[in-house]
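Below you'll find the structure, written out as C-alpha cells, and then a few comments.
The values are calculated or read from the model by the stated rules, or taken from the named source; none is laboratory data. Predicted, not measured: the structure shown is a model, and the values here were computed from it. Cβ placement follows ideal geometry from the backbone for every residue including glycine, while neighbour counts extend to all protein chains displayed. Side chains included, ligands, DNA and RNA excluded: accessible areas come from the protein's heavy atoms. Shrake-Rupley method; radii C 1.70, N 1.55, O 1.52, S 1.80 Å.
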Amino acid sequence: MQTELRDAIAPQEIERRRNFAIISHPDAGKTTLTEKLLLYGGAIQQAGSVKARRAQRHATSDWMAMEQQRGISITSTVLQFEYQGFLLNLLDTPGHQDFSEDTYRTLAAADNAVMLIDAAKGLETQTRKLFEVCRLRSLPIFTFINKLDRPSMSPLELIDEIERELGLATYVINWPIGTGDQFRGVFDRRHQQIHLFQKTAAHGSKKATDTTISLGDPRIESLLEPELYYQLKEDIEILDGVGATFDLEAVHQGKMTPVFFGSAMNNFGVELFLESFLEYGLKPTPHESNKGLIAPTYPEFSGFVFKLQANMDPKHRDRIAFLRVCSGKFEKDMVVNHARTGKTIRLSHPQKLFAQERDTVEVAYAGDVVGLNNPGTFAIGDTVYIGEKLVYPNIPSFSPELFAYLKNADPTKYKNFNKGVTELQEEGAVQILHSTDESKRNPILAAVGQLQFEVVQFRLVNEYGVETYLETLPYSVARWVTGGWAVLEKVGRLFNTFVVKDRWERPVLLFKNQWNLDQIMGEHPELELSPIALPP
Ligand code: GDP
C-alpha cells in the first residue's frame, strides 16, 4: 500500500453503532414509531418534530410545492440518535406517494431492517416487496407488530402468516396480553416479566411509565382479568413448547426474526423493542468489494453512494448524494478518490439531515450516512475511497412496475431532451428502456413509483427547459432475460409480451400482469427470467 495508513479506527466507534431502515406499508405507523424512537433517544423532548415528514404523504404535487417553498429537500433522510451510549442511524424510506427506486436502494445501505406490521392487517403489499429486497441482502429483520390497542388479528395468526408466507422463522420476544379494548400489556419472555399497558396522555408524546411484575407475583390476579391470565399462560406454553429456540446467528443471517408487539402511538413496547434491537442487531458489517471483504475498522476511509436527491426548487438547485461510510474515518473537507472517474474530489459541506434541520458533519464512521453536495459528480453505486483502489459492487436495478413512452413536446429541443434523459438515467432517477423496433425512438420510462415520472418531467422542464408528455403503456411486470438475446431467439414469438432493451442493450420482457408472466413461464420452462438486474 502506497499511502501511509491512518490511525486505526477505535473499535468502540463501530461497536456502538446500529444502522437500520423501517420497512412497512403506508399507515402501519412508521412515522409514529420513528417519533417514539427519537423520543427515547433523547433527540427531542416531545415527539412531534417529525411532523414535517408527515407532509410527505400528501399528494405529490403538494410535495413538490413544499420543496419549493421550504427550499430544502424533505424526502427521506437519515436520522441519527443516541440511546444508552449506542448511536443509531435510522435510514428513512419514504411513504407510498413517493415510493421509488430510492426506497429499495436505501436497503442497500442498511445493516438491519425493522418490519413494522399493523396488527389488524397483517402483511401488506409494500411490506412484502421491501421484504424481498431485504431477503436478497440477507438483512436481519426485527418485527414490530403495532396497534395492539386496536382490534387485531390473533397474535398466533400473525406469527403464522410471517412464517408461512415469508418463509421466515420467528422468535417471539414479547407477547401481547389481550388486544383492542382488552389490551393489558406484554409478556417479556427474556425476563419472564409482564409489562402493564397504560394509555399515555396526549397521544404518547411523553415517555410511558412502565409497570412491571414478574409472572409469579400474586398481584397479577388483581391486575389481570382471569381469562386473560389463563390465556397468557396457555400462549406461553405454546410458544415455549412448539416455538423455535432463539438462534442469534439465524437472526443475523435474516433467517429468523425476533418479534415484538406493542402500540407505537402509546409508546408501549417501544423501549423493550429498542433494548433488544441494540443487543441483537448487527453492528456495521464488512462489505464485499473487488478487494474482498472490507472491515468497518479498516483504517482507510471508503464508502458508496446509494441515493441521490435533487432539490426541486430552481432557486436552490442543490443536489445531494447520500454516502454510506463502510470503513475508516470520514472527515469534513477530506480529499478522496472517485473510483468510476479516477478523479480526486474534496468532500466539502457534508451534512446530515435531521428532521428539518441540516447539520454539518465533522466526522463519521462505518454505518453512518453523510449527505454530500453533488453538482453532478456522483451516480448511484459510486465508490469513493482513500489509499489503495477499491470498488464496491453496483446497486442492482429493481423491477419497474410502471411504464410510459416519454415524448418531447417541442422537436427543436431534441438535444436538450436527449441530454436530460441521459443524465437523469445516469443519476438513477428512473430506468430507461427502448423498444426493439427502430421506428419507435421514444424512450420508455420505467419506474417503481409514480413519483419518479413526475420528478423526471418536472426536472426536464426546470433543468433542461423541455416540456414532455407521457403515453402510458399497459404493462406492470418486467423481467430480464438471463440468457440474453440468443435464448430469446430460440424461444420464438411470445404472445402478450413486449420485448424491450435496457440501457446496456439487454433484453427485458414486459408483461401486462403476473398472470401473463406465469403463463409464459409455464409454456417456456427454458426461459430464465430475473426481476432484478445488476449493471454489467
Ligand atoms: P405511516 O404511514 O406508516 O408513517 O403511519 P403513521 O405513523 O402516520 O400512522 C398512521 C395512523 O395510525 C395515524 O393516524 C397514527 O396515529 C395511527 N397509529 C400509529 N400507531 C398507532 C397505535 O399504536 N395505535 C393506534 N390506535 N393508532 C396508531
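What number of residues within region 122-141 satisfy the criterion of being out of contact with any Gly (no Cβ under 7 Å at 6 or more places or on another chain) and in contact (Cβ under 8 Å) with a residue 40 or more places away in the chain? So that I can check it myself, show each step before the final result.
As a first pass, look at region 122-141 and keep what is out of contact with any Gly (no Cβ under 7 Å at 6 or more places or on another chain): 122-133, 136-137.
In the following step, the residues that additionally are in contact (Cβ under 8 Å) with a residue 40 or more places away in the chain were identified as 123-127, 130-131, 133, 136-137.
Selection size over region 122-141: 10.
Hey, among Ile173, Ile117, Ile177, which residue is touching a helix residue (DSSP H, G or I) at 6+ places or on another chain (Cβ under 6 Å), open to solvent by less than 60 Å² (accessible area, probe 1.4 Å) and within 16 Å of the ligand (Cβ to nearest atom)? So that I can check it myself, show each step before the final result.
Working: Ile173 fails: within 16 Å of the ligand (Cβ to nearest atom); Ile117 fails: touching a helix residue (DSSP H, G or I) at 6+ places or on another chain (Cβ under 6 Å).
The unique qualifying residue is Ile177.
Does Lys512 fit the bill of being surrounded by 14 or more Cβ atoms within 10 Å (Cβ to Cβ), out of contact with any strand residue (DSSP E or B) (no Cβ under 7 Å at 6 or more places or on another chain) and not hydrophobic (A, V, I, L, M, F, W, C)?
On the way: surrounded by 14 or more Cβ atoms within 10 Å (Cβ to Cβ): yes; out of contact with any strand residue (DSSP E or B) (no Cβ under 7 Å at 6 or more places or on another chain): yes; not hydrophobic (A, V, I, L, M, F, W, C): yes.
For Lys512, the condition - surrounded by 14 or more Cβ atoms within 10 Å (Cβ to Cβ), out of contact with any strand residue (DSSP E or B) (no Cβ under 7 Å at 6 or more places or on another chain) and not hydrophobic (A, V, I, L, M, F, W, C) - is met.
Look at Glu249 and say whether it is farther than 30 Å from Gly178 by Cβ and without any contact (Cβ under 8 Å) to a residue 12 or more places away in the chain.
Details: farther than 30 Å from Gly178 by Cβ: yes; without any contact (Cβ under 8 Å) to a residue 12 or more places away in the chain: yes.
The answer is yes for Glu249.
Just one of (1) open to solvent by less than 40 Å² (accessible area, probe 1.4 Å); (2) among the charged types (D, E, K, R); (3) without any contact (Cβ under 8 Å) to a residue 60 or more places away in the chain trips up Glu523, so point out which.
Answer for Glu523: the failing condition is (1).
At pLDDT 85 or above, surrounded by fewer than 17 Cβ atoms within 10 Å (Cβ to Cβ) and more than 30 Å from the chain's Cα centre (by Cα): does that describe Ile213?
Details: at pLDDT 85 or above: yes; surrounded by fewer than 17 Cβ atoms within 10 Å (Cβ to Cβ): yes; more than 30 Å from the chain's Cα centre (by Cα): yes.
Judged against the criteria, Ile213 is a match.
Among the residues of region 330-352 satisfying the criterion of being part of a loop (DSSP other than H, G, I, E, B) and either touching a His at 6+ places or on another chain (Cβ under 7 Å) or crowded, with 17+ Cβ neighbours inside 10 Å (or both), which is modelled with the lowest pLDDT? Spell out the reasoning first.
Of region 330-352, the ones part of a loop (DSSP other than H, G, I, E, B) are 332-334, 339-343, 347-350.
Narrowing further to those that are either touching a His at 6+ places or on another chain (Cβ under 7 Å) or crowded, with 17+ Cβ neighbours inside 10 Å (or both): 334, 339, 347, 350.
Working: Met334: 92, Ala339: 96, Leu347: 87, Pro350: 66.
Taking the candidates together, the pick is Pro350.
Could you check Arg105 against (1) within 14 Å of the ligand (Cβ to nearest atom); (2) buried (at least 22 other Cβ atoms within 10 Å of the Cβ) and say which number it fails?
Going through the list (1) within 14 Å of the ligand (Cβ to nearest atom); (2) buried (at least 22 other Cβ atoms within 10 Å of the Cβ), Arg105 breaks only (1).
Go through the residues of region 223-236 one by one and say whether even a single one is outside any helix (DSSP H, G or I), among the charged types (D, E, K, R) and open to solvent by less than 70 Å² (accessible area, probe 1.4 Å). Show your work before the answer.
If we filter region 223-236 for residues that are outside any helix (DSSP H, G or I), which is where we start, we get 224-225.
The next check asks that each one be among the charged types (D, E, K, R); those that pass are 225.
From what is left, the residues that are open to solvent by less than 70 Å² (accessible area, probe 1.4 Å) are 225.
For region 223-236, residues outside any helix (DSSP H, G or I), among the charged types (D, E, K, R) and open to solvent by less than 70 Å² (accessible area, probe 1.4 Å): present.
So Ser289 ticks every box in (1) over 19 Å from Asp368 (Cβ atoms); (2) away from the ligand (no atom under 16 Å from the Cβ) but one. Which box is left unticked?
The single condition Ser289 does not satisfy is (1).
Show me the helices (runs of 4 or more DSSP H) entirely contained within region 96-180 in which 2 or more residues are touching a Ser or Thr at 6+ places or on another chain (Cβ under 6 Å) and at pLDDT below 95. Walk me through it before giving the result.
On the way: elements: 101-106, 125-136, 155-166.
In region 96-180, 101-106 are the helices (runs of 4 or more DSSP H) which contain 2 or more residues that are touching a Ser or Thr at 6+ places or on another chain (Cβ under 6 Å) and at pLDDT below 95.
Looking only at region 353-378, count every residue that is modelled with pLDDT under 80 and open to solvent by less than 40 Å² (accessible area, probe 1.4 Å) and tell me the total.
Residues that pass the stated criteria total 3.
Looking for whichever is basic (Lys, Arg), touching a residue at least 12 places away in the same chain (Cβ under 8 Å), open to solvent by 50 Å² or more (accessible area, probe 1.4 Å) and in the same structural domain as Thr497 (by the TED database) here; the options are Lys419, Lys415. Which one fits? Outline the logic, then answer.
Numbers: Lys415 fails: touching a residue at least 12 places away in the same chain (Cβ under 8 Å).
Selected residue: Lys419, the only one of Lys419, Lys415 that is basic (Lys, Arg), touching a residue at least 12 places away in the same chain (Cβ under 8 Å), open to solvent by 50 Å² or more (accessible area, probe 1.4 Å) and in the same structural domain as Thr497 (by the TED database).
For region 120-151, enumerate the residues that are farther than 22 Å from Leu534 by Cβ, within 15 Å of the ligand (Cβ to nearest atom) and aliphatic (A, V, I, L, M).
Of everything in region 120-151, those that are farther than 22 Å from Leu534 by Cβ, within 15 Å of the ligand (Cβ to nearest atom) and aliphatic (A, V, I, L, M) turn out to be Ala120, Leu123, Ile145, Leu148.
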